[in-house]
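The values are calculated or read from the model by the stated rules, or taken from the named source; none is laboratory data. All figures in this text were calculated on a predicted structure; none of them were measured in a lab. Positions of Cβ are backbone-derived with ideal geometry, glycine not excepted, and every protein chain shown enters the neighbour counts. Accessible surface areas use protein heavy atoms only, side chains included; no ligands, DNA or RNA. Shrake-Rupley method; radii C 1.70, N 1.55, O 1.52, S 1.80 Å.
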Amino acid sequence: MRTFRMASAADAAALLRVYAPYTFAAVSFEEGPPSLEAFAARICDISAVYPYIVCEVDGEIAGYAYAHLYRERAAYRWNVETTIYLAPAFHRQGIGRALMERLLAMLRRQGVRMAYSCITLPNPASVGLHEAMGFTRAGAFADAGWKNGRWRDVVWMQKRLSDSAEAPHEIVPIGKIDVRDLLGND
């Protein structure tokens, strides 16, 4: 059975086991996994404002997704960057889509206007997931990062979460929103 819940610092070791292999591949531009302490701090910092969701399958962490502030300038505060990672054994089982659906629903409830995602190329699975979720290509940066002996391109994708032309309200921190109805189990 698949269960979805909010992450906590107590999940850091399990989530780091999912993430660490990506730091050696070209997917992440980190050049090796962060320390457990640094990773736990990231979870705490991000989840103080934004959703950080875990999927477990029969008690095993299958993957996670989160959002964080897109850019520091005040005018960007209604925009987020989304991130998703799955353990290899759980690819192509609909978990990525289920995580992203929940993440986007929470972001809408918070009052987020735009969700962006930066994907290192080539990564047809991630591009395909984002396209299936309604993201469109916003642009690409050639030779954006040096990883594993060569320059890597990235594509930025975007999804509008609100069409309102009205002045926005401030983003509601995720802890002030009841998200139990959005998590659910499969």
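Data overview
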read-out: Selected residue (criterion: nearest to Ala7 (Cα to Cα)) from residues of region 143-186 that are open to solvent by 80 Å² or more (accessible area, probe 1.4 Å) and assigned to a strand (DSSP E or B); value: Asn185
read-out: Ala125 modelled with pLDDT of 90 or more and either of a type in the set (A, V, I, L, M, F, W, C) or part of a loop (DSSP other than H, G, I, E, B) (or both); value: yes
read-out: Residues of region 116-154 satisfying the condition of being charged (D, E, K, R) and at negative phi; value: Glu131, Arg137, Lys147, Arg150, Arg152, Asp153
read-out: All positions within region 72-104 that are of a type in the set (Lys, Arg) and under 15 Å from the mean Cα position of the chain (by Cα); value: Arg97, Arg102
read-out: Residue in region 85-102 that is in contact with a strand residue (DSSP E or B) (Cβ under 7 Å, 6 or more places away or on another chain) and among the polar types (S, T, N, Q) present; value: no
read-out: Positions within region 23-49 being buried (at least 16 other Cβ atoms within 10 Å of the Cβ) and either part of a helix (DSSP H, G or I) or in contact with a Ser or Thr (Cβ under 7 Å, 6 or more places away or on another chain) (or both), in sequence order; value: Thr23, Ala26, Val27, Pro33, Phe39, Ala40, Arg42, Ile43, Ile46, Ser47
read-out: Breaking point among (1) open to solvent by less than 30 Å² (accessible area, probe 1.4 Å); (2) over 24 Å from Asn185 (Cα atoms); (3) outside any strand (DSSP E or B); (4) free of Cβ contacts under 8 Å to residues at least 60 places away in the same chain, for Val80; value: (3)
